[in-house]
Structures are given as C-alpha cells and as structure tokens.
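Here it is: the structure, laid out below.
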Amino acid sequence: MRILLTNDDGIGASGIQALWQSLSEIGEVTVVAPVSERSATSQAITVHHPIRVDEYCINHPRVCGWRVDGTPTDCVKIAVEALLDEPPDIIVSGVNHGPNLGTDVLYSGTVSAAIEGALYGFPAIAVSLNSWQSRNFSVAARFTVRLVQTVLEKQSLPPRTLLNVNVPDLPETDIRGVKVAKLGVVQYANIFQRRFDPRGRMYYWMGGEPIDSDNGEDSDVAAVKAGYISVTPVHFDLTHYSIMKEIENWRL
C-alpha cells in the first residue's frame, strides 16, 4: 500500500508526524508537505516564483520525506507529477491542528490537498482535530489508519470524491461513535480587528470567534459537538441544478 501524506501545518507539525508514524505501520508512506504553515490557502497554487523542494527527516535518517516551499495543493501536484516513482494508492492530508467543519472547507489548505488528490483520481482523506489547544493527535491518527484500510478495501468511493474527517478532542473512550454527516455552516463574529502600528497607521487583523449557526443534527458541526467523529463525503460539482431551468427562462 502506497500512501501520500501531506498537510497545511507544515512538515514539522505534530499532527502530520503522528499520522506519519501510524500510517507507516500499514503501508509505505511518502510525505510531501509544506516547509511551514500554509493554513487557509484553499486551492492556491504557486505560479509566480520557483517551488523549492528538499529532503526532510523525522527523528531518524531513514524516515524521510520532502518539504516544499509552496502550498498544500502544490505539494500534491509536485508529488504526483515529479517526486513519486509510482502513483499512490491513497492520499491523506492532516492531522490538522484545528477543525475543518462545514463551509470552512472552502478555505482549508488541509482539505484542498485532499481535493487535489481526488481531482487526480486518487481516493483522498482530509483529517482534522477539533481543537486549537490540544496536541493529542493519537485518536485521530488511529481512526485514520482504520479509515484508510476500509476505503481501500471497499473501493467504492465515487470518482473525484474525498472524505472530510473531524475528530473531537476527547479520550477515545468518550467518543460516541462515527457519524456520516453533511457539511454544516460555520460563521464568525468580529472577524476584523482594527489596530494601529507604532507609527499610528491603521491596519486590520483577521480573526473572529465562531458563532452558533442553524446546523441540523445531520451536519458535521452538530456531530462533532455531540462527541462523534464526523465523516463527510465531498465532491466538486458546485452546479445548482434545480435553478438551471429558471435561469434559462430568463432568456439572456
């Protein structure tokens, strides 16, 4: 089993290292990840300067991967097109430090790497830990191992479909199970903070806190909040089919 592993927190992040070690128990893992954090880059690619790549080893000279001076999407592209001798059987992105729930998948570098893998036609999984504070990625890593094995065994993911996974920050014994859930809606309050630099010039810092949105029990947001691991199948056809006829009647 050949596994391509990437993330958006950088190749030295605790989440990818936990996955690196766990996935190495079931297959041949090749890590191609950003040299530093590239969160919230969505599907960005690097086109205005060279992409530099060098080898990176984790705690052992024989456990090595590639670090890329680019985005998560760059990492998948350059891995598939240039670095790998053989195509992967599956692509895994994560474990992200922080959730990627609901509409936040549109901004996520973690999810974008899995999207790129799925666009190439590979089974792909994005995995996130629902916490900004905890660095205990062991539960998420163990679940990912099970999910990778299941996905490859079943061979039933439709083309250009990825699985977006969010794991509650709970002890394994406290997790209530797994829910296959739809994407919810994530909104933020006080997104922009106005500040002033030492010379009195105004600038804005983007931040904000998530606010409760109207998410039904079948959403990933509700599932994780209730203590379940959420698994959401995601694909890329954004067409709103039900309104196509109406727009045709506009006689543009």
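Quick note: the coordinates plus some simple rules give every number you see, no bench work behind them. Remember, it's a predicted structure, so these values are computed and weren't measured experimentally. As a convention, Cβ positions derive from the backbone with ideal geometry for all residues, glycine included, and neighbour counts pool all protein chains shown.
Could you list the GluC sites (Glu not before Pro) in segment 176-252 that lie in coil according to DSSP, counting only those with at most 16 other Cβ atoms within 10 Å of their Cβ? Please list the in-between numbers first.
Numbers: sites: Glu217, Glu246, Glu248; in loops: Glu217.
Qualifying residues, ordered by number: Glu217.
Return the long-range amide H neighbours of Val68 (sequence gap of 5 or more, or a different chain), with a cut-off of under 5 Å between placed amide H atoms.
Under 5 Å from the amide H of Val68: Ala33, Val35.
Let me make sure I get this right: for segment 1-120, a, b and c are the square roots of the gyration tensor eigenvalues over alpha carbons, sorted descending. Under 1.5 in a/c it's rounded, otherwise prolate if a/b > b/c, else oblate. Which is it?
Values: a/c = 1.39, a/b = 1.22, b/c = 1.15.
Rounded shape, in that the Cα axes give a/c under 1.5.
Now, a different point. Any idea what the dipole of the chain comes to, in debye rounded to 20, about its Cα centre with Lys/Arg Cβ at +1 and Asp/Glu Cβ at -1? Display every interim value, and only then the final one.
Values: 21 positive and 29 negative charges, 83 e Å.
Charge dipole, the chain, about its Cα centre: 400 debye, nearest 20.
Then there's this: Return the sequence-ordered ³J(HN,Hα) values of segment 227-238 in whole Hz as given by the Karplus equation 6.51 cos²θ - 1.76 cosθ + 1.60 applied to θ = phi - 60°, using x for Gly and Pro.
After applying 6.51 cos²θ - 1.76 cosθ + 1.60, I find x, 9, 6, 9, 10, 10, x, 10, 9, 10, 7, 8 Hz.
When a/c is below 1.5 the answer is rounded, else prolate if a/b is larger than b/c, else oblate, so apply that to segment 114-161 with a ≥ b ≥ c taken from the square roots of the Cα gyration tensor eigenvalues. Could the numbers behind the result be given before it?
Values: a/c = 3.92, a/b = 1.71, b/c = 2.28.
Taking the square roots of the gyration eigenvalues as a ≥ b ≥ c, segment 114-161 is oblate.
OK, next. What does a probe at Asp174 reach in segment 204-228, counting residues whose amide N is under 14 Å from the point 7 Å along Cα→Cβ?
Under cut-off, by backbone N: 225-228.
I've got another one for you. What label, among (1) 16.4, 44; (2) 19.1, 65; (3) 20.4, 66, belongs to Rg and Dmax of the Cα atoms in Å computed from the structure on display?
(2)
Turning to a different aspect of this structure: Any idea how far the Cα center of segment 94-117 sits from the one of segment 25-45, in Å?
Between the Cα centres of segment 94-117 and segment 25-45 lies a distance of 11 Å.
Which whole-number percentage describes the relative contact order of segment 119-252, with Cα contacts under 8 Å and a sequence gap of 6 or more? Walk me through the numbers before you get to the answer.
Values: 194 pairs, mean separation 37.5, N = 134.
Relative contact order, segment 119-252: 28 percent.
Next question. What number, rounded to the nearest 500 deg cm²/dmol, is the helix-based mean residue ellipticity at 222 nm of the chain, given -39500 (n - 2.57) per DSSP H run of at least four residues and division by all its residues? Could you put the intermediate results ahead of the total?
On the way: 6 runs with 56 residues, N = 252.
Mean residue ellipticity, 222 nm, calculated: -6500 deg cm²/dmol.
Check each of the trypsin sites (Lys or Arg not before Pro) in segment 164-241 and keep only those in coil by DSSP with at most 10 other C-beta atoms within 10 angstrom; list them in order. It would help to have the intermediate numbers written out before the result.
Working: sites: Arg176, Lys179, Lys182, Arg194, Arg195, Arg199, Arg201, Lys225; in loops: Arg176, Arg199, Arg201.
Of the trypsin sites (Lys or Arg not before Pro), the ones in loops of segment 164-241 whose Cβ has at most 10 other Cβ atoms within 10 Å are Arg199, Arg201.
Stretch Asp197-Asn136 to full length: gain in nm at 0.36 nm per residue minus the Cα-Cα span? It would help to have the intermediate numbers written out before the result.
On the way: separation 61, 0.36 × 61 = 21.96 nm, distance 3.62 nm.
Full-extension gain reported as 18.3 nm.
Figure the gain on full extension for Glu153 and Asp89 (residue separation times 0.36 nm, minus the Cα-Cα span) and round it to one decimal in nm. Walk me through the numbers on the way to the answer.
Numbers: separation 64, 0.36 × 64 = 23.04 nm, distance 1.12 nm.
Between Glu153 and Asp89, full extension yields an extra 21.9 nm.
Here's something else I'd like to know. Quick one: dipole size for segment 160-252, taken about the Cα centre, charges +1 on Lys/Arg Cβ and -1 on Asp/Glu Cβ, in debye to the nearest 20. The partial results should precede the final answer.
Working: 11 positive and 13 negative charges, 107 e Å.
Roughly 520 debye, rounded to the nearest 20.
While we're looking at this one, here's another question. Just to be sure I understand the model, the point goes 7 Å from the Cα along the line to the Cβ. What's the resulting Ile51 to Phe236 distance in nm?
About 1.4 nm, to one decimal.
Antiparallel as a % of all DSSP beta bridges within segment 116-252, to the nearest 5? Intermediate values should be presented prior to the final figure.
Values: 14 of 26 bridges.
Among the beta bridges of segment 116-252, antiparallel pairing accounts for roughly 55 percent.
Also, I was wondering about something else. If a/c stays under 1.5 just call it rounded; otherwise compare a/b with b/c (prolate if a/b is bigger, oblate if not). Do that for segment 38-186, with a ≥ b ≥ c from the square roots of the Cα gyration tensor eigenvalues.
Values: a/c = 1.43, a/b = 1.39, b/c = 1.03.
It comes out rounded by the Cα gyration axes.
Hey, quick one: spin label on Thr161, modelled 7 Å out along Cα-Cβ, who in segment 94-124 has an amide N within reach, i.e. under 16 Å?
Label zone hits: 115, 118-124.
Taking Cβ-Cβ under 4.7 Å as the only way to count a partner, pick out the unpartnered cysteines of the chain.
Singleton cysteines: Cys75.
Now a separate question. Out of residues 5 or more away from Ser128 or on other chains, whose amide H comes under 5 Å of its own, with H placed 1.01 Å from N in the peptide plane?
Amide H neighbours of Ser128, under 5 Å, 5+ apart: Asn96, Val165, Asn166, Val167.
Among 89-98, 135-144, what's the highest-first ranking by average C-beta atoms within 10 angstrom per residue? The partial results should precede the final answer.
Values: 89-98: 26.8, 135-144: 19.6.
Order by mean packing, descending: 89-98, 135-144.
What percentage of all Cα-Cα pairs in segment 174-225 are separated by more than 15 Å?
Tail of P(r) above 15 Å: 61 percent of Cα pairs.
Which residue, Val151, Phe236, Tyr188, has the largest displacement toward the positive end of the dipole of the chain when charges sit on each Cβ (Lys, Arg +1; Asp, Glu -1)?
Farthest towards the positive pole: Tyr188.
Restricting to Cα pairs below 8 Å that are 6+ residues apart, what does the relative contact order work out to for segment 54-195? Please round to a whole percent.
Values: 188 pairs, mean separation 34.2, N = 142.
Normalised by residue count, the contact order of segment 54-195 is 24 percent.
Please go through segment 156-244 and write out the chymotrypsin sites (Phe, Trp or Tyr not before Pro) that DSSP classes as loop and that have at most 12 other C-beta atoms within 10 Å. If you can, show how the numbers build up before the last one.
Values: sites: Tyr188, Phe192, Phe196, Tyr203, Tyr204, Trp205, Tyr228, Phe236, Tyr241; in loops: Phe236.
The qualifying sites are Phe236.
Relative contact order for the chain using alpha-carbon pairs under 8 Å, separation at least 6, rounded to a whole percent? Provide the component values of the computation, followed by the final result.
Working: 541 pairs, mean separation 43.7, N = 252.
Relative CO of the chain lands at 17 percent.
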